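Every read-out reported here was derived from the displayed coordinates using simple, explicitly stated rules and does not represent laboratory data. This one's a predicted model, so the numbers in the text were calculated from it and none came from an experiment. FYI the Cβ positions are ideal-geometry reconstructions off the backbone, even for glycines, and counts take in every protein chain you see.
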Amino acid sequence: MLKGIHPAITPTLLSTLAEMGHGDEIVFADAHFPAHTYGKKVIRCDGVAIDTLLEGVIMLFQLDQYVEQPILMMQPEEGDSLDPSVEQRYIKAMSSEGINSANIARLERFAFYQRTQSCTAVVLTGELAKYGNIILKKGVTGF
């Protein structure tokens, strides 16, 4: 363990975050996501909710400040309902960085899958919320 690193952040996840450059993206996927189909690299965080991981990641990870919406979430299929508490949990987990709903764009499901293919990694979590998938775009870290 390291000081200042959230206990949910695994060594592999920490290494991956450090290796990412500005503009690179990472997916935090719910437990139902086809990570091995679409992801170049899959990092397993079984049993851990996405908001728990976001809370730890946001302390280490500067979101891209040069794009309006550095956060992407999956849009529900037509006829499906969206649980607004999922987005609210994620925003709360990243609130230390001033994140709000204006920072989040929604992508159609298959567009989200396609975007995943160019992401650095997919973090497969224990999140059970429907449409709980989220992509973060890394920015430049200032000191």
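Structural remarks
- Approximate spin-label separation T37-H22, in nm, with each point projected 7 Å along Cα-to-Cβ: 3.6
- Shown for the chain is the translational diffusion coefficient from the Stokes-Einstein equation, using the Kirkwood radius over Cα pairs, a temperature of 10 °C and a viscosity of 1.306 mPa s: 106 µm²/s.
- Just checking the listed ones, E127, E97, E78: in the Gaussian network model of the chain with Cα springs under 10 Å, the one fluctuating most is E78.
- Dipole of the chain, positive direction: furthest Cα of Y113, A18, Q69, with charges on the beta-carbon: A18
- Footprinting exposure proxy for T16, T37 (fewest neighbouring C-beta atoms within 10 Å first): T37, T16
- Among beta bridges identified by DSSP and lying wholly in the chain, the antiparallel ones come to about 40 percent.
- Label zone (K92, point 7 Å along Cα-to-C-beta; backbone nitrogen cut-off 17 Å) within the stretch 117-137: 127-130, 132.
- Neighbourhood net charge (12 Å Cβ-Cβ; Lys/Arg +1, Asp/Glu -1) for A18: -1
- CD proxy at 222 nm, helix term only [per DSSP H run n ≥ 4: -39500 (n - 2.57); per residue of the chain; nearest 500]: -7000 deg cm²/dmol
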